[in-house]
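Asker: Encoded as structure tokens, here's the structure I'll be asking about.
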Amino acid sequence: MKLTNLKIIIIDDEPDILNIIASSVENLFKSHAITCHCEKYSDGNEFLKKEKDASFDIVFLDIDMPCIDGIQLAQKIIEKDSSTTIIFVSNREDRVFETFEVRPYGFVRKTHFLTDITKIINHYILEMEKKEEEKRPKLIIQTDGQQFFVQMEKIIFIESYGHEQTFHLEDEKLTARDTMANIDFVTKKYGFKRVHKSYIINLSKVKAIVKDGVIMSDSSFVPINRKKISKFRQEYLKQLQFFDYSDEL
């Protein structure tokens, strides 16, 4: 997932601490080009009342607070949504083992705030990006007795020479022995199209359509029969949900 628009809750009974945490969190995510929105609460019960039907990505919690203890509050949050990331921010290092019952993502010591918050947020970003990476569709390419698991989005086009196919990736080329029919069957549901008996292209990597083919993102030229280029252009624009204004010009 490209991480973006994270909803973050910060709960601490000290207003100055609330502002410091919010500012630090926003700046750390911003340094990774990730947007987030922080809501601040100085009262845990007020938070429960106002946000009872909402969901959040991360909740930063103090432990010692009036009205409701931070660990009790965390329990209520995860009972409603166990996927919420809980991070405690507290001076009460002696209570860190008590927090284990709610399985927090981390514990930020206020005495080492900047060091701890930086480490935890950086780790969170890396972990979330890794999870998103694992969700992305991959193609298994077998070549020279090895298997390569290649993200579909990194394939620019596939070119066939006899019984061998060359996969043109963003940063390398891989050659395998398969059939274009098999590759077409596997890739077409991921935005690929066979435009020639010897070529399958990733439609999202098309940079330009010319009279006898397409220019791909790596500046490679892929030929298309001139009689079929008009039909391809219409299908391409339709599939990518572009509106073709050329007939009105």
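The values are calculated or read from the model by the stated rules, or taken from the named source; none is laboratory data. All figures in this text were calculated on a predicted structure; none of them were measured in a lab. Cβ: placed from backbone, ideal geometry, glycine included. Neighbour counts: every protein chain shown.
Asker: For the subset of segment 36-61 comprising residues that are hydroxyl-bearing (Ser, Thr, Tyr) and not in a strand (DSSP E or B), which member is farthest from ALA22 (Cα to Cα)? Don't jump to the end; show me each part of the working.
Answerer: In the first step, residues of segment 36-61 are kept if they are hydroxyl-bearing (Ser, Thr, Tyr); the result is 41-42, 55.
Now narrow it down to the ones that are not in a strand (DSSP E or B): 42, 55.
Working: SER42: 13, SER55: 18 Å.
Ranking the candidates gives SER55 first.
Asker: Same structure, new question: Across segment 130-149, what is the number of residues that are in contact with a Leu (Cβ under 7 Å, 6 or more places away or on another chain), at pLDDT 85 or above and surrounded by fewer than 17 Cβ atoms within 10 Å (Cβ to Cβ)? Please lay out each step first, then the result.
Answerer: Initially, segment 130-149 is screened for residues in contact with a Leu (Cβ under 7 Å, 6 or more places away or on another chain), giving 141, 143, 148.
Then keep just the ones that are at pLDDT 85 or above; that gives 141, 148.
Those still in the list that are surrounded by fewer than 17 Cβ atoms within 10 Å (Cβ to Cβ) too: 148.
Total satisfying the criteria: 1.
Asker: If you check every pair at least six apart or on different chains, which have Cβ atoms under 6 Å apart with a residue in segment 84-103 that is more than 20 Å from LYS119 (Cα to Cα) first and a residue that is surrounded by 14 or more Cβ atoms within 10 Å (Cβ to Cβ) and among the small types (Gly, Ala, Ser) second?
Answerer: Short answer, once both residue conditions are applied: VAL102/ALA74.
Asker: Which members of segment 41-82 meet the condition of being in contact (Cβ under 8 Å) with a residue 60 or more places away in the chain and among the polar types (S, T, N, Q)? Full working, then the answer.
Answerer: Within segment 41-82, the subset in contact (Cβ under 8 Å) with a residue 60 or more places away in the chain is 58, 73.
The answer is none; no residue qualifies.
Asker: Quick one: is ASP64 out of contact with any Cys (no Cβ under 7 Å at 6 or more places or on another chain) and at pLDDT below 95? Let's see the steps before the verdict.
Answerer: Details: out of contact with any Cys (no Cβ under 7 Å at 6 or more places or on another chain): yes; at pLDDT below 95: yes.
Answer is yes for this residue.
Asker: While we're on this one: Give the residues of segment 171-187 that are of a type outside the set (Val, Ile, Thr), within 30 Å of LYS238 (Cβ to Cβ) and either surrounded by 13 or more Cβ atoms within 10 Å (Cβ to Cβ) or not assigned by TED's automatic domain parsing to the domain that holds GLN142 (or both), sorted by residue number. Spell out how you get there, then give the answer.
Answerer: Looking only at segment 171-187, we keep the residues that are of a type outside the set (Val, Ile, Thr), and these are 171-174, 176-178, 180-182, 184-185.
From what's left, within 30 Å of LYS238 (Cβ to Cβ): 178, 180-182, 184-185.
Within segment 171-187, ASP178, MET180, ASP184 meet the criteria.
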